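Before any comments, here is the structure.
The values are calculated or read from the model by the stated rules, or taken from the named source; none is laboratory data. Only a predicted model underlies this, so the values are computations on that prediction, with no experimental measurement involved. Because the Cβ atoms are built from the backbone with ideal geometry, glycine has one as well, and the counts that use them run over all protein chains shown.
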Amino acid sequence: MWLASEFRRTVRGMRDLINEEAENLRFIEQKARKVSRLYGYKEVVTPLVEHYELLAAKLGEENRRRMFVFEDLGGRKVALRPEFTASVARLVATKMQSAPRPLRLFSIGSLYRYDEPQFGRYREFWQANYELFGSNKSEADVEILALTNSLLKEIGLKSYFFKVGHVGILRSILSHDGIAEEQQNSIMQLLDKKQVDIALETAKNAGSSKSSLDTLETLLNIKGRQSDVVISEIYEAVKSYSEALEAAGNLSEIITMLKAGCVDADLLVEAGFARGLEYYTGLVFEVFVVDMDIAVGGGGRYDRLIELFGGGQVPAVGAALGVDRLSLALQKQRQISQRSEERRILVVAVESSLFGQAFKISNMLREKGFIVELEVMRRSVSKALSDADRRGITHAVIVGSKEIKQNMVVLRSMRERTQEIVPIEHLFERIMQ
């Protein structure tokens with residue numbers, strides 16, 4: 001019985017990754033793992049399915065509504081993970097509670113949110129996640145920013161910038177007027193969605209004084225790439241709020257240390273910047289690519305999440321990079337094509353009786369590190385070469401009876417449309433030329 005046509009398509013928001021798409025994802029994944037090793041981050045693998053209550057804690061109301069939630073056969077309410085941090089925090093609060101600090105953890109894989117599919121936004125997506133636990137110092141924030149910058153450079157991304165802020169500045173002003181954390185979370189989510197007027201109105205209805213509202217409105221208009229100037233403006237705006245001044249000082253220290261470390265990152269400092277996740281307590285940042293109206297990554301400090309899971313007071317800071325969005329950005333910038341310089345080889349036996357010799361040569365070339373395909377369909381040489389050309393093969397090795405008797409093969413350059421007879425023992429050197 002044939003399946004109906006709608007069942008032969010992927011579920012909305014899910015994708016099949018084919019050829020270059022899958023290769024690009026794995027390329028970024030490989031670079032993400034390389035950076036994790038260079039910075040001393042150990043990989044952890046957490047379940048795709050977690051208890052709903054774990055994932056919903058401090059996630060934000062809007063994100064909670066977008067979770068894939070279901071009841072398992074045991075009657076438990078569970079969900080597909082919408083992000084990594086809650087799962088990693090659970091791990092740190094339980095199995096890794098006694099691990100030495102600082103604790104540096106890396107995770108990568110698929111996540112799920114019921115978003116409206118659009119450019120760069122899918123219901124199944126991939127992230128590379130880095131978390132540093134145990135330090136409440138600015139050095140940890142700087143490391144996460146520097147690590148993020150390292151990954152972006154490692155994959156070859158161009159023309160990107162960091163938008164940085166500090167939610168402690170905004171929350172301190174709201175707390176000064178006794179506004180409850182739940183109401184603060186709503187205001188932060190509105191600011192994250194750029195609904196500034198509604199956010200200020202919500203703050204007013206929650207009990208913010210006129211002076212605090214004026215301060216908030218001033219902060220929401222302070223931004224720029226001259227960090228010293230922006231920090232000075234923030235200090236002036238919050239001079240009557242001691243905790244906000246302390247948060248501004250923390251942001252200033254992070255930026256100063258980042259520059260002192262010669263981290264080549266373009267920073268846009270934005271005093272009114274907030275992110276939708278409720279667990280952030282300090283530095284927040286997102287990475288944007290010029291000409292792309294979506295963030296390719298982001299993160300920040302969350303010092304109270306481990307405590308929520310019963311793991312004590314463990315300060316933490318982390319970053320998450322969207323693998324799908326990075327792939328889109330690289331394609332847009334035509335950076336992925338640089339990897340097409342890899343030598344891809346097709347080995348063709350002119351006659352089926354020569355297949356054993358062709359197989360032997362294929363293995364010899366693979367041992368040298370080449371990507372080698374073997375003609376297994378018994379097509380004519382011309383048809384095999386035509387197909388190889390269409391699939392981006394760079395070289396063809398043709399094994400003929402006359403040549404093999406002399407321990408030789410025909411080496412064809414698919415790009416230059418030239419060929420020569422080469423001794424098998426010199427095949428590696430000729431391909432490398």
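Which one of these does SER135 not meet: (1) over 30 Å from GLU236 (Cα atoms); (2) assigned to a loop (DSSP other than H, G, I, E, B)?
Tallying (1) over 30 Å from GLU236 (Cα atoms); (2) assigned to a loop (DSSP other than H, G, I, E, B), SER135 fails exactly one: (1).
Can you say whether ARG366 is within 44 Å of the chain's Cα centre (by Cα), without any contact (Cβ under 8 Å) to a residue 12 or more places away in the chain and assigned by TED's automatic domain parsing to the domain that holds ILE424, as far as the supplied structure shows?
Numbers: within 44 Å of the chain's Cα centre (by Cα): yes; without any contact (Cβ under 8 Å) to a residue 12 or more places away in the chain: yes; assigned by TED's automatic domain parsing to the domain that holds ILE424: yes.
Spelling it out, ARG366 is indeed within 44 Å of the chain's Cα centre (by Cα), without any contact (Cβ under 8 Å) to a residue 12 or more places away in the chain and assigned by TED's automatic domain parsing to the domain that holds ILE424.
Which numbered condition trips up ALA32, out of (1) surrounded by 13 or more Cβ atoms within 10 Å (Cβ to Cβ); (2) small (Gly, Ala, Ser); (3) in a loop (DSSP other than H, G, I, E, B)?
With respect to (1) surrounded by 13 or more Cβ atoms within 10 Å (Cβ to Cβ); (2) small (Gly, Ala, Ser); (3) in a loop (DSSP other than H, G, I, E, B), ALA32 is out only on (3).
Which of the numbered conditions does VAL381 fail, given that it passes all the others? Conditions: (1) among the hydrophobic types (A, V, I, L, M, F, W, C); (2) more than 23 Å from GLU21 (Cα to Cα); (3) in contact with a helix residue (DSSP H, G or I) (Cβ under 8 Å, 6 or more places away or on another chain); (4) not assigned by TED's automatic domain parsing to the domain that holds SER138.
Tallying (1) among the hydrophobic types (A, V, I, L, M, F, W, C); (2) more than 23 Å from GLU21 (Cα to Cα); (3) in contact with a helix residue (DSSP H, G or I) (Cβ under 8 Å, 6 or more places away or on another chain); (4) not assigned by TED's automatic domain parsing to the domain that holds SER138, VAL381 fails exactly one: (3).
Which of (1) of a type in the set (D, E, K, R); (2) within 24 Å of GLN313 (Cα to Cα); (3) without any contact (Cβ under 8 Å) to a residue 40 or more places away in the chain does GLU143 not meet, given it meets every other one?
It is condition (3) that GLU143 fails.
Quick one: which residue in ARG113, ARG101 is closer than 29 Å to LEU157 by Cα and either of a type in the set (Val, Ile, Thr) or touching a residue at least 24 places away in the same chain (Cβ under 8 Å) (or both)?
Details: ARG101 fails: closer than 29 Å to LEU157 by Cα.
Only one candidate qualifies: ARG113.
Determine, yes or no, whether GLY207 is under 14 Å from LYS163 (Cβ atoms) and not aliphatic (A, V, I, L, M). Walk me through it before giving the result.
Numbers: under 14 Å from LYS163 (Cβ atoms): no; not aliphatic (A, V, I, L, M): yes.
For GLY207, the condition - under 14 Å from LYS163 (Cβ atoms) and not aliphatic (A, V, I, L, M) - is not met.
Going by the structure shown, is GLU420 surrounded by fewer than 12 Cβ atoms within 10 Å (Cβ to Cβ) and touching a strand residue (DSSP E or B) at 6+ places or on another chain (Cβ under 8 Å)?
Numbers: surrounded by fewer than 12 Cβ atoms within 10 Å (Cβ to Cβ): yes; touching a strand residue (DSSP E or B) at 6+ places or on another chain (Cβ under 8 Å): yes.
So GLU420 passes the test.
Residue-by-condition table, conditions (1) free of Cβ contacts under 8 Å to residues at least 40 places away in the same chain; (2) buried (at least 24 other Cβ atoms within 10 Å of the Cβ); (3) among the aromatic types (Phe, Trp, Tyr); (4) closer than 19 Å to LEU59 by Cβ:
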residue	(1), (2), (3), (4)
ASP264	no, no, no, no
ARG275	no, no, no, yes
THR281	no, no, no, yes
ASP291	no, no, no, no
ILE294	no, no, no, no
GLY300	no, yes, no, yes
GLY312	no, no, no, no
GLY322	no, yes, no, yes
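Pairs, please: C-beta under 9 Å, at least 6 apart or cross-chain, first residue free of Cβ contacts under 8 Å to residues at least 24 places away in the same chain and in the range 28-55, second aromatic (Phe, Trp, Tyr)?
Every condition considered, the pairs that remain are ARG37/PHE106.
Residue by residue through the range 73-95, note down the ones that are among the basic types (Lys, Arg), touching a residue at least 24 places away in the same chain (Cβ under 8 Å) and surrounded by fewer than 20 Cβ atoms within 10 Å (Cβ to Cβ). Spell out how you get there, then give the answer.
The first filter runs over the range 73-95 and keeps only residues among the basic types (Lys, Arg), leaving 76-77, 81, 90, 95.
Still in the list and also touching a residue at least 24 places away in the same chain (Cβ under 8 Å): 76-77, 81, 90.
Within the range 73-95, ARG76, LYS77 qualify.
Mind listing whichever residues of the range 156-187 are surrounded by fewer than 23 Cβ atoms within 10 Å (Cβ to Cβ) and outside any helix (DSSP H, G or I)?
Across the range 156-187, the qualifying residues are GLY156, LEU157, LYS158, SER159, TYR160, PHE161, PHE162, LYS163, ASP177, GLY178, ILE179, ALA180.
Has the range 394-401 got any residue that is within 28 Å of LEU17 (Cα to Cα), outside the structural domain of GLN30 (by TED's automatic domain parsing) and either of a type in the set (Phe, Trp, Tyr) or part of a loop (DSSP other than H, G, I, E, B) (or both)?
Going through the range 394-401, the residues within 28 Å of LEU17 (Cα to Cα) turn out to be 394-396.
Of the ones still in play, those that are also outside the structural domain of GLN30 (by TED's automatic domain parsing) are 394-396.
Going one step further and asking which of them are either of a type in the set (Phe, Trp, Tyr) or part of a loop (DSSP other than H, G, I, E, B) (or both), we end up with 394.
Yes.
Taking the residues in the range 145-155 that are assigned to a helix (DSSP H, G or I) and of a type in the set (A, V, I, L, M, F, W, C) as candidates, determine which candidate is surrounded by the most Cβ atoms within 10 Å (Cβ to Cβ). Spell out how you get there, then give the answer.
At the first step, the residues of the range 145-155 found to be assigned to a helix (DSSP H, G or I) are 145-154.
Applying the additional criterion that residues be of a type in the set (A, V, I, L, M, F, W, C) yields 145-147, 151-152.
On the way: LEU145: 26, ALA146: 17, LEU147: 24, LEU151: 24, LEU152: 23.
Ranking the candidates gives LEU145 first.
A quick yes/no check of all residues on (1) modelled with pLDDT under 95; (2) outside any helix (DSSP H, G or I); (3) polar (S, T, N, Q); (4) more than 20 Å from ASN407 (Cβ to Cβ):
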{"site": "VAL347", "(1), (2), (3), (4)": "no, yes, no, no"}
{"site": "ALA358", "(1), (2), (3), (4)": "no, no, no, no"}
{"site": "GLY369", "(1), (2), (3), (4)": "yes, yes, no, yes"}
{"site": "ARG378", "(1), (2), (3), (4)": "yes, yes, no, yes"}
{"site": "ALA388", "(1), (2), (3), (4)": "yes, no, no, yes"}
{"site": "GLY392", "(1), (2), (3), (4)": "yes, yes, no, yes"}
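Would you check if there is a residue in the range 258-280 being among the aliphatic types (A, V, I, L, M), outside any strand (DSSP E or B) and within 19 Å of the chain's Cα centre (by Cα)? Even if it seems obvious, please write down each step before you answer.
First, pick out the residues of the range 258-280 that are among the aliphatic types (A, V, I, L, M): 258, 260, 263, 265, 267-269, 271, 274, 277.
Restricting the remaining residues to those that are outside any strand (DSSP E or B) gives 258, 260, 263, 265, 271, 274, 277.
Now drop any that are not within 19 Å of the chain's Cα centre (by Cα), which leaves 265, 277.
Checked the range 258-280: at least one residue is among the aliphatic types (A, V, I, L, M), outside any strand (DSSP E or B) and within 19 Å of the chain's Cα centre (by Cα).
Would you say ARG275 is of a type in the set (Lys, Arg), under 25 Å from LEU152 (Cα atoms) and either in contact with a Phe, Trp or Tyr (Cβ under 6 Å, 6 or more places away or on another chain) or modelled with pLDDT under 95 (or both)? Working first, answer last.
Details: of a type in the set (Lys, Arg): yes; under 25 Å from LEU152 (Cα atoms): yes; either in contact with a Phe, Trp or Tyr (Cβ under 6 Å, 6 or more places away or on another chain) or modelled with pLDDT under 95 (or both): yes.
Considered against the rule, which asks whether it is of a type in the set (Lys, Arg), under 25 Å from LEU152 (Cα atoms) and either in contact with a Phe, Trp or Tyr (Cβ under 6 Å, 6 or more places away or on another chain) or modelled with pLDDT under 95 (or both), ARG275 comes out as yes.
Any residue in the range 233-249 that is surrounded by 13 or more Cβ atoms within 10 Å (Cβ to Cβ) sitting within a Cβ distance under 6 Å of a residue that is in a helix (DSSP H, G or I) and of a type in the set (Ser, Thr, Tyr)? List the pairs, counting only those 6 or more apart or interchain.
Sorted first by the residue in the range 233-249, then by its partner, the pairs are ALA237/THR215; ALA237/THR218; TYR241/SER172; GLU243/SER172; ALA244/SER172; ALA247/SER172; ALA248/TYR235.
Just to check your reading of the model, which residue among SER107, SER98 is in the same structural domain as ASN185 (by TED's automatic domain parsing), surrounded by 14 or more Cβ atoms within 10 Å (Cβ to Cβ) and of a type outside the set (A, V, I, L, M)?
Working: SER98 fails: surrounded by 14 or more Cβ atoms within 10 Å (Cβ to Cβ).
None of the other options fit; the residue is SER107.
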